Amino acid sequence: MLPLASRLSKGQYSAREVAEELGVSAEQLRSLIRSHIVDTDEDLNNVAIASFHPSDLLVLKLLANPSPAAQS
């Protein structure tokens, strides 16, 4: 698999592509988004039709894999 930086040239990602990139299931991605990003379940329903930008992917990657220093 290519390093993340070399794959960020793509302009938009689907929820499925983001989940694959993070190495999580679609439900785990929805849970991550529910925990850190959306305010309501109604907002979460829009995730399936949302597209994600490279910056979104980076933020989700950081949320999915917090550094040990951030957990202290």
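Each value in this text was obtained by applying a stated rule to the coordinates, not by laboratory testing. Only a predicted model underlies this, so the values are computations on that prediction, with no experimental measurement involved. Note that each Cβ is placed from the backbone with ideal geometry, even for glycine, and that neighbours are counted across all protein chains shown.
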Rounded, prolate or oblate (a/c below 1.5 giving rounded, otherwise prolate when a/b exceeds b/c) for segment 10-72 by Cα gyration tensor: oblate
Nitroxide proxy distance, nm - points 7 Å out along Cα→Cβ at ASP43 and GLU17: 2.4 nm
Highest-first arrangement of 54-60, 22-28, where packing means the average Cβ count within 10 Å: 54-60, 22-28
Whole-Hz ³J(HN,Hα) from phi, Karplus 6.51 cos²θ - 1.76 cosθ + 1.60, for segment 14-22, glycine and proline x: 7, 4, 4, 5, 5, 4, 4, 4, 7
Those trypsin sites (Lys or Arg not before Pro) in segment 11-72 that DSSP places in a loop and that have at most 15 other beta carbons within 10 Å: none
